[in-house]
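Contents: one structure, followed by commentary.
The values are calculated or read from the model by the stated rules, or taken from the named source; none is laboratory data. Note that the structure is predicted; figures quoted are calculated from it, not measured. All Cβ positions, even for glycine, are placed from backbone atoms using ideal geometry, and neighbour counts span all protein chains on display.
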Amino acid sequence: MCGIIGIVGKQNVTERLVDGLKRLEYRGYDSSGIAVLNDGKLERRRAEGKIKGLEARLSQDSLDGQAGIAHTRWATHGIPNETNAHPHFSGRVGVVHNGIIENFLDLRQEMSHRNFTSETDTEVVSHLVDELLGQGLTPKDAFALSLKKLKGAYAFGVIIDEHPDHIYCARAGSPLALGVGDDEMYIGSDAMALAQLSTKLIYLEEGDWAILTPESYVIYDLNDKEVERPITIISGGPAMAEKGQYRHFMLKEMYEQPETIGRTLANYIDEYRLVSNMPEALDFSEFDRVIIIACGTACYAAMTAKYWFEQIAGMAVDVDIASEFRYRKPVLAKRSLFIAVSQSGETADTLAALRYCKEAGVKTAALVNVMTSTMAREADIALPINAGPEIGVASTKAFTSQLTALAALAVAAGTSRKTISSEQQNELVKALIHTPRLVKQSLRLDADIEKMAFEFSKAKSAFYLGRGTQTPIAFEGALKLKEISYIHAEGYAAGELKHGPIALIEDGTPVVVLAPFDGLFEKTISNLQEVASRGARIMLITDPEGAEHASSLADDLIVLPKAADFIAPIVTTIAVQLLAYHTAVHLGTDVDQPRNLAKSVTVE
Ligand code: G6P
């Protein structure tokens with residue numbers, strides 16, 4: 001959420017800063033800006049909207065400088081316009097910020113004699129540093145003292161006009177990495193932003209701050225003590241992910257799923273011996289309970305996993321939305337394993353939940369896509385999903401990989417806790433091995449679903465129903481539709497609809513029913529009939545046997561390949577992804593960067 005990048009060197013930095021911003025655009029895209037020091041003078045260009053707006057501005061009015069900071073914004077305080085776009089300037093100081101300064105109103109009050117020009121929380125930081133410089137403090141002391149006055153979450157980059165060869169930066173709560181170059185140093189919100197610039201990264205720890213010059217960097221900890229932090233070598237600058245033949249990243253990422261699921265599986269199963277293959281550090285026989293915490297789509301993967309861990313491994317499972325978890329003061333039973341599920345590994349609330357459990361002495365694991373992320377580094381055990389960079393803001397391939405990994409973990413748990421026999425383990429692993437093939441077959445329904453989406457896109461509101469492991473997929477289907485097509489949608493456990501929401505069903509209301517032919521099929525079909533008899537337009541997503549029994553009840557029918565019950569939710573996901581995607585395309589929305597959203601949410 002908000003991306004920042006900075007370069008201090010001996011050559012012009014503008015173009016490379018803009019390139020870095022493009023790599024960070026997934027973090028927010030309502031405005032962007034860039035500031036440089038040119039002959040000791042602060043200059044900036046800012047623009048509302050996406051980074052291409054900033055590029056247009058720069059092409060009319062270029063910027064040259066050998067030190068600079070840049071920002072792509074997801075608005076928290078103040079509407080997304082040019083005035084609120086970063087970098088913010090106050091006197092000698094320019095700042096870019098990711099996070100929220102919670103005590104900004106108090107600080108604004110204390111500095112009411114100064115001229116504030118934006119509605120942002122960030123602007124207090126540039127004023128604070130400038131105020132302290134005005135009192136005669138050195139830049140280093142002014143920066144360090146400013147940090148002490150701030151409450152909240154932040155990653156900053158700061159430049160000061162009288163100190164052209166320096167970038168000051170800090171991290172608390174929001175991610176920030178340093179990049180080490182030859183005669184150049186860098187800061188960036190993530191490894192992807194820095195990938196083209198440097199292979200030597202240093203991840204700042206909580207409370208760290210640093211001063212960079214072209215030739216050097218010095219890092220200080222929370223107590224202003226100079227510290228060394230390890231250098232991580234990353235494999236060199238990957239090209240920016242390309243859409244290739246696909247119209248959108250989301251479409252490309254959906255089509256990658258047979259392969260990404262296969263890559264996830266390779267981490268967790270031995271396909272020759274048909275057994276699960278877990279990291280040594282993870283022994284489920286040490287635990288009786290699992291706490292799975294996540295946000296958004298990742299939380300629906302967690303909800304699905306609850307069924308698997310309970311049914312396969314006989315473990316009690318708590319699933320909670322990360323933003324609720326730690327504030328309800330959860331009772332953490334002994335012998336619990338905490339699993340954070342997060343594509344980015346940076347989501348602020350999920351990270352806070354992980355830290356909460358770690359502090360309480362609970363063993364922690366992080367199931368993440370980005371293995372250099374804060375969660376992967378801080379958890380006791382980092383579990384990869386290996387889905388590769390996901391660019392579309394609406395998560396698709398990361399979700400099916402999260403499901404796949406969690407399913408394999410449940411099998412491992414069942415095996416080490418001896419709640420399943422070795423034959424049952426082999427059967428479940430076999431089912432997992434079939435997943436990529438079934439997903440590939442499901443993707444062949446693309447053209448059919450595209451046609452159905454045309455009618456669907458006329459809806460004002462839609463419902464998704466499922467039972468058992470299909471329930472979280474109904475939630476995910478509704479979320480996908482909302483976030484990219486802006487059609488109001490709700491997912492419900494099929495049995496729950498009659499407890500209120502059924503009042504909303506009227507003639508033609510689309511209801512998507514997820515009902516593979518499993519042990520719950522008949523019950524789900526009864527619920528289907530309850531809404532059909534009230535005028536709902538039914539889209540039934542099922543398998544060949546389900547279609548045989550219930551096709552006459554459906555206005556639209558999507559027949560997925562037959563899958564074992566265990567992995568059926570992964571297969572059903574493909575249909576709801578395609579439905580949301582084509583609906584959004586029909587409506588002409590910005591599929592890859594839907595309004596108001598950001599891919600990595602680093603504020604609470
Ligand atoms: C944002 C994204 C969602 C994602 C959620 C959790 O809201 O738009 O797609 O599911 O954050 O992100 P995480 O990186 O923790 O999985």
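Out of the residues in segment 586-604 that are hydrophobic (A, V, I, L, M, F, W, C) and under 14 Å from the mean Cα position of the chain (by Cα), which is farthest from the ligand (Cβ to nearest atom)?
Checked segment 586-604; the qualifying residue farthest from the ligand (Cβ to nearest atom) is 603.
Does segment 416-431 contain any residue that is within 30 Å of residue 29 (Cα to Cα) and either of a type in the set (Asp, Glu) or in a helix (DSSP H, G or I) (or both)?
no
Name every residue in segment 48-87 that is more than 25 Å from residue 168 (Cβ to Cβ) and not acidic (Asp, Glu), in order of residue number.
Answer for segment 48-87, where residues must be more than 25 Å from residue 168 (Cβ to Cβ) and not acidic (Asp, Glu): 49, 50, 52, 53, 56, 57, 59, 60, 62, 79, 80, 81.
Output the residues belonging to segment 121-167 that are surrounded by 23 or more Cβ atoms within 10 Å (Cβ to Cβ) and among the polar types (S, T, N, Q).
Within segment 121-167, 122, 126, 146 qualify.
When segment 291-303 is examined, which residues are found to be more than 9 Å from the ligand (Cβ to nearest atom) and within 14 Å of residue 353 (Cβ to Cβ)?
Within segment 291-303, 291, 292, 293, 302 meet the criteria.
Right, residue 261: over 30 Å from residue 598 (Cβ atoms) and more than 16 Å from the ligand (Cβ to nearest atom) or not?
Taking the combined requirement at face value, the residue does not satisfy it.
Based on what the data block shows, is residue 368 aliphatic (A, V, I, L, M), in contact with a helix residue (DSSP H, G or I) (Cβ under 8 Å, 6 or more places away or on another chain), within 11 Å of the ligand (Cβ to nearest atom) and at pLDDT 95 or above?
yes
Just name the residue that is farthest from the ligand (Cβ to nearest atom) out of those in segment 324-362 that are in a helix (DSSP H, G or I), among the aromatic types (Phe, Trp, Tyr) and crowded, with 20+ Cβ neighbours inside 10 Å.
Looking at the filtered set, the residue picked out is 356.
Condition (residue is under 21 Å from residue 399 (Cβ atoms), among the aliphatic types (A, V, I, L, M), in a loop (DSSP other than H, G, I, E, B) and in the same structural domain as residue 489 (by TED's automatic domain parsing)) applied to segment 573-586: is it met by at least one residue?
no
Within segment 323-334, is even one residue under 15 Å from residue 365 (Cβ atoms) and touching a strand residue (DSSP E or B) at 6+ places or on another chain (Cβ under 6 Å)?
Within segment 323-334, none of the residues are under 15 Å from residue 365 (Cβ atoms) and touching a strand residue (DSSP E or B) at 6+ places or on another chain (Cβ under 6 Å).
Please verify whether residue 475 is surrounded by 18 or more Cβ atoms within 10 Å (Cβ to Cβ) and either outside the structural domain of residue 410 (by TED's automatic domain parsing) or assigned to a loop (DSSP other than H, G, I, E, B) (or both), treating the condition exactly as stated.
Taking the combined requirement at face value, the residue satisfies it.
Matching residues to (1) touching a Phe, Trp or Tyr at 6+ places or on another chain (Cβ under 7 Å); (2) more than 30 Å from residue 412 (Cβ to Cβ); (3) among the acidic types (Asp, Glu):
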position	(1), (2), (3)
215	no, yes, yes
218	no, yes, no
224	no, yes, yes
227	yes, yes, no
264	no, no, no
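Being modelled with pLDDT of 95 or more and either under 15 Å from residue 96 (Cβ atoms) or not assigned by TED's automatic domain parsing to the domain that holds residue 28 (or both) is the filter here, so list the residues in segment 179-203 that pass it.
186, 187, 188, listed by residue number.
Looking at 583, 542, 572, can you tell me which residue is crowded, with 24+ Cβ neighbours inside 10 Å, more than 16 Å from the ligand (Cβ to nearest atom) and farther than 30 Å from residue 519 by Cβ?
Result: 583 is the single residue among 583, 542, 572 that is crowded, with 24+ Cβ neighbours inside 10 Å, more than 16 Å from the ligand (Cβ to nearest atom) and farther than 30 Å from residue 519 by Cβ.
Of all residues in segment 380-409, which are within 12 Å of the ligand (Cβ to nearest atom) and of a type in the set (A, V, I, L, M, F, W, C)?
Within segment 380-409, 385, 387, 391, 393, 394, 398, 399 qualify.
Where in segment 41-117 are the strands (runs of 3 or more DSSP E), entirely inside, with at least 2 residues that are buried (at least 16 other Cβ atoms within 10 Å of the Cβ) and touching a Lys or Arg at 6+ places or on another chain (Cβ under 6 Å)?
Answer list for segment 41-117: 41-48.
Would you point out which residue out of 320, 288, 283 is surrounded by fewer than 22 Cβ atoms within 10 Å (Cβ to Cβ) and within 16 Å of the ligand (Cβ to nearest atom)?
Exactly one of 320, 288, 283 is surrounded by fewer than 22 Cβ atoms within 10 Å (Cβ to Cβ) and within 16 Å of the ligand (Cβ to nearest atom), namely 320.
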